[in-house]
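> Attaching a single structure in structure tokens format; questions to follow.
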Amino acid sequence: MVKGLYTAYTGMLNEQHRMDVITNNLANANTNGFKKEGATSQSFDEILSYKIKDNSEGYNISRRMGRNHPGVKIGEGYTDFSQGPIKNTGNTYDLALSDSGFFAVRFTNKDGEDSVKYTRDGNFTLTRQGHLVTQDGDAVLDVDNRPIRIDPLLKTEINTSGEVIQDGDVVATIQVTDFEDYNYLERYGENYFQPVDGAEKTEEARGQVYSGYLETSNLSVVTEMVNMITISRAYESNQKVITTYDSTLDIAANQIGRI
């Protein structure tokens, strides 16, 4: 009977984890290029029916459950890479991708180490020195992995191929990188992604660059709020299960035990 307490307890932990994911999504509802995250759960660490029918330890010999219990296991998290809505800003250096792909930026950590990160947030700006950077000051890279630098005094146009044009000449080409399998990308911070072992780049990214536009977050605030209410109700249900078990154990230990 006490196993029910642990089952409800694991259910509460799972719902708390789901709530943490949703609150992080809602906190980034206005973050350009943000990709919402999700959480999964698994019932039973191993399939119970398989364990019952398993005769490998001898015929009609019941197997002990050991540390396994019929609770909920927190599953793997995932990222929804679907494209978010596009909004018009009119700013030349605001860039959005029409399809899959990422902008490449040079990120410098606290130790001064440089690495290439990838983002869908095209909210770029031009410094006085002519460097094209993110809002955090990270340099936007060209197709040769070099920071883009242009003349800040000349009129700039950026076409759908990512070519930066000044006075009719192509002075730089913005790098757009895509990957074969997004499962080999991990989130870095709130809006960057970095490849892990096994990640393979595609030969050519399908996304086209649109100047004067920004991709917004791909989550729906209404949907996330509904999910938050559902999670709260599930958490309360597990609480009630624990309260019920507590009352039953109190009767068994303090009332029946006195008879």
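Rule-based calculations on the coordinates, nothing more; no lab input. Treat the numbers as computed from the prediction; the structure is a model and nothing was measured. Glycine also receives a Cβ, built like all others from the backbone with ideal geometry; neighbour counts cover every protein chain displayed.
> Add +1 for every Lys or Arg and -1 for every Asp or Glu among the other residues with Cβ under 12 Å from the Cβ of E224, and state the total.
It works out to a net charge of 0.
> So how strong a dipole does the chain carry about its Cα centre when Lys and Arg Cβ are +1 and Asp and Glu Cβ are -1, to the nearest 20 debye?
Magnitude of the dipole: close to 1460 debye.
> Could you please state, rounded to a whole Å, how far the C-alpha centre of region 84-114 is from the C-alpha centre of region 1-17?
41
> Can you list which of the trypsin sites (Lys or Arg not before Pro) found in region 122-163 are DSSP loop residues with at most 16 other C-beta atoms within 10 Å?
R128, K155
> I've got another one for you. Just give me a number: lysine pairs in the chain, eight or more positions apart or cross-chain, with C-alpha atoms less than 24 Å apart.
So the count of such lysine pairs works out to 17.
> Which value in deg cm²/dmol, rounded to the nearest 500, describes the helix-derived mean residue ellipticity at 222 nm for the chain, given -39,500 (n - 2.57) per DSSP H run of n ≥ 4 and division by the residue count?
The per-residue figure over the chain is -8000 deg cm²/dmol.
> While we're on this one: Can you tell me the 0 to 90 degree angle between the C-alpha axis of helix 3-27 and the longest principal axis of the chain, rounded to 10?
20
> Among S217, V164, V133, which residue has its Cα furthest toward the positive end of the charge dipole of region 121-259, with +1 on Lys/Arg Cβ and -1 on Asp/Glu Cβ?
Looking along the dipole axis, the top candidate is S217.
> Moving on to the next point. Multiplying the sequence separation of K73 and N183 by 0.36 nm and subtracting their Cα-Cα distance, what value in nm do you get?
Separation in residues times 0.36 nm, less the Cα-Cα distance, equals 37.5 nm.
> Considering Cα pairs under 8 angstrom that are at least six residues apart, work out the relative contact order of region 86-215 and quote it in whole percent.
The normalised contact order for region 86-215 reaches 35 percent.
> Using Cα pairs closer than 8 Å and at least 6 residues apart in sequence, work out the relative contact order for the chain, in percent.
Worked out over the chain, it gives 26 percent.
> Pick the calculated semi-axes √(5λ) of the Cα gyration tensor in Å for this structure from (i) 53, 21, 15; (ii) 40, 36, 25; (iii) 29, 19, 19?
Given (i) 53, 21, 15; (ii) 40, 36, 25; (iii) 29, 19, 19, the structure-derived one carries the label (i).
> Something else about it: In region 86-215, with Lys and Arg counted as +1 and Asp and Glu as -1 at Cβ, which of these residues, N88, I174, A205, has the Cα nearest the positive end of the dipole, that is, farthest along it?
Final value for the positive-end residue is N88.
> Hey, another quick one. Need one number: nm distance between label points at H131 and E204, each 7 Å from Cα along Cα→Cβ, rounded to one decimal.
3.3
> Turning to a different aspect of this structure: Which of rounded, prolate, oblate describes region 181-228, given a ≥ b ≥ c as roots of the alpha-carbon gyration tensor eigenvalues and a/c under 1.5 marking rounded, otherwise prolate only if a/b is larger than b/c?
Oblate shape, in that a/c is at least 1.5 and b/c is the bigger or equal ratio.
> Taking the dipole about the Cα centre of the chain, with the C-beta of Lys and Arg at +1 and of Asp and Glu at -1, give me whichever of V116, A253, L185 is farthest to the positive side.
A253
> Could you work out how far helix 221-250 tilts from the main Cα principal axis of the chain, as a 0 to 90 degree angle to the nearest 10?
Value to nearest ten degrees: 20.
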